[in-house]
Structures are given as structure tokens and as C-alpha cells.
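Okay, so here's the structure we're looking at.
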């Protein structure tokens with residue numbers, strides 16, 4: 001997908017020199033905006049991955065990693081669905097990422113962890129809380145990308 005994104009950007013820039021460049025201005029703006037939205041998703045995704053593979057990331061209690069994987073799978077499916085929608089391929093609806101995020105959040109204790117509260121497991125609770133916050137940002141960016149794609153496709157039919 002990154003290679004396709006780079007190719008789209010290059011072609012968009014090259015199209016400004018075409019004789020009918022004025023007619024393609026809306027198309028370039030559309031591609032540019034979706035590129036910005038897609039890059040925001042990739043930055044959020046990178047932050048989530050880097051957090052999880054960071055040295056010292058603790059082993060989390062059993063239900064939390066499963067909820068994280070469920071959200072990861074949902075994000076992957078959502079991005080594939082959105083890419084298919086852009087290509088006018090059968091896409092269906094993306095998975096409900098908000099529901100998957102809520103399931104993860106339900107497993108993470110709210111509030112600031114303290115020694116008294118968590119009896120020495122502060123690192124685990126901080127990692128869970130931080131990872132959930134990063135995941136929340138990713139879900140927000142995917143939702144914004146979906147909204148942008150739907151808006152762009154509404155003004156640019158097949």
C-alpha cells in the first residue's frame with residue numbers, strides 16, 4: 001500500500017504539467033487530502049507497533065493481548081476494505097473498530113496506577129493504559145480516513 005501511495009503522489013504531481021491540468025485540479029486535491037489522511041493512519045499505526053515492540057514492554061495479562069490482536073485484525077481488515085472501496089472493488093463494511101477498542105478499554109483499569117493500587121504491577125498497567133491510548137488515536141485516524149474516502153467518492157463517482 002505504501003508503494004501505491006507513493007506512485008499516486010508522483011502521478012498527481014506529474015499531472016500538473018498535462019494540457020488538461022485545470023480539469024484535474026479537483027482530482028489532485030482529492031488525492032492529496034486522502035494521502036494526508038492515509039499518512040496519519042500510518043503514523044498512528046507505527047506508534048502502536050513501536051510501543052508494543054519497545055524494549056521493556058511487559059508481558060500483559062491474558063485477556064489484554066487477545067483484545068489487542070482483535071483490534072489489530074480489525075484495523076487490517078478496515079484498511080483493506082477502504083482500499084477496495086477506493087478501487088471500486090467489492091468492499092462491504094469495515095469492522096466495528098469502536099466496539100473492538102471498547103472491549104480493550106474494558107480490560108484496562110481506569111485512573112493513574114499507583115503502587116498501593118497495583119501492588120508492584122505498575123509497569124504492566126502503564127503499558128496497558130498507554131497502548132490503549134495510542135490505539136484510540138489509531139481508531140480515530142482510521143475513522144477519519146473512512147469519512148474522507150466516502151466524501152471523496154461521493155463527489156467523484158466511478
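Distance between the C-alpha centres of the stretch 126-140 and the stretch 31-46: 18 Å, rounded to the whole angstrom. For residue 39 and residue 57, the difference between the fully extended length at 0.36 nm per residue and the C-alpha to C-alpha distance is 3.9 nm.
The numbers here are math on the coordinates, done by the rules we state, and not lab data. In this text the structure is predicted, and so the values were computed from the model without any measurement.
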